[in-house]
1. Using the alpha carbon gyration tensor of segment 180-241, what are the three equivalent-ellipsoid semi-axes (square root of 5 times each eigenvalue), largest first, in whole Å?
2. Extension gain Arg69-Tyr240, at 0.36 nm per residue separation less the Cα-Cα distance, in nm?
3. Take segment 1-63, drop everything but the C-alpha atoms, weight them equally and run the Debye formula without solvent; then report log10 I(q)/I(0) at 0.17, 0.21, 0.23 Å⁻¹ to two decimals.
4. Length gain on complete extension for the stretch Arg76 to Leu25, per 0.36 nm per residue less the alpha carbon to alpha carbon distance?
5. R0 = 41 Å: FRET efficiency of Thr47 with Lys111, Cβ-based, nearest 0.05?
Amino acid sequence: QTESNGMKCLYAGGDSWCEGDELGLPYDPIATPVYRYKNSWPSLLATQLRIPITVNDGLRGTSGSRIYRRATRFIRNWLQHHRASDLTVVLGWTTLERDEVPIDVDYKGVKAAYYIPYHWHQYNLPTMSERMTVESVVLESLKRIHDSYTLTLGTTSREQIQLERMLNLQLLCDSVGVRLLQTWALDPDRTFCNTVPQLPVSFVEYCRQYGLATGSGGHGLESAHTQWALTLKDYHDTVYS
């Protein structure tokens, strides 16, 4: 682990509320992603914390599985070259019924791991991915296993899996010295994980409480992201004062 460069980074993981969905509309394939990167809460929070590098890994419709998988991978990669104390990780957990199925696909002539997110009642393919084409036989296979597969994952088991994700991340970050803030974008019943340090209000609850402007799809707009970033800054300062 390299201890010399001192480069600071904020890594943000989450769903559309992290990505900045509904910011920068009407959508332009070039301008909108740049606008969302600059005006969503991860970049705003990083500016307030005086952190020069922001990685916004939010993806609309994503699952807790992806949030956990991508965050732990980023932490591992960061520690290979940088100091743990220079990394701040902020996660906005999503609703628990979202999950994903890992499969192998042929991509540019090689086998590659591919994760297909889905909801209870519909498939939610990653529209931001360049690998949009999945063979029809794969989708048919998923449809055949979908009912029995989801029936094995009830509320209790999903909550247990999510609790383990949160506890494992807290243990990992505490043990290596990475700063971690766990929050929620959406608002399932969180009594199952109230022993884990976390911001007690979700982003969507925050918008409702303060009457902040939301788009037609229900996502917080610019003022909401600005206020949420300020709230996260206060939470950060409380935890790491």
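1. That gives 21, 16, 8 Å for the three semi-axes.
2. Numbers: separation 171, 0.36 × 171 = 61.56 nm, distance 2.47 nm.
Full extension from Arg69 to Tyr240 adds 59.1 nm.
3. Summing over Cα pairs of segment 1-63 leads to -0.60, -0.82, -0.92.
4. Working: separation 51, 0.36 × 51 = 18.36 nm, distance 3.53 nm.
Gain in length upon complete extension: 14.8 nm.
5. Numbers: r = 41 Å, r/R0 = 1.00.
Given R0 = 41 Å and the Cβ-Cβ separation, E is 0.50.
No lab work stands behind these numbers, since they all come straight from the coordinates. No experiment lies behind these values; they were computed from the predicted model shown. Cβ sites come from the backbone with ideal geometry, for glycine too, and all protein chains shown count toward neighbours.
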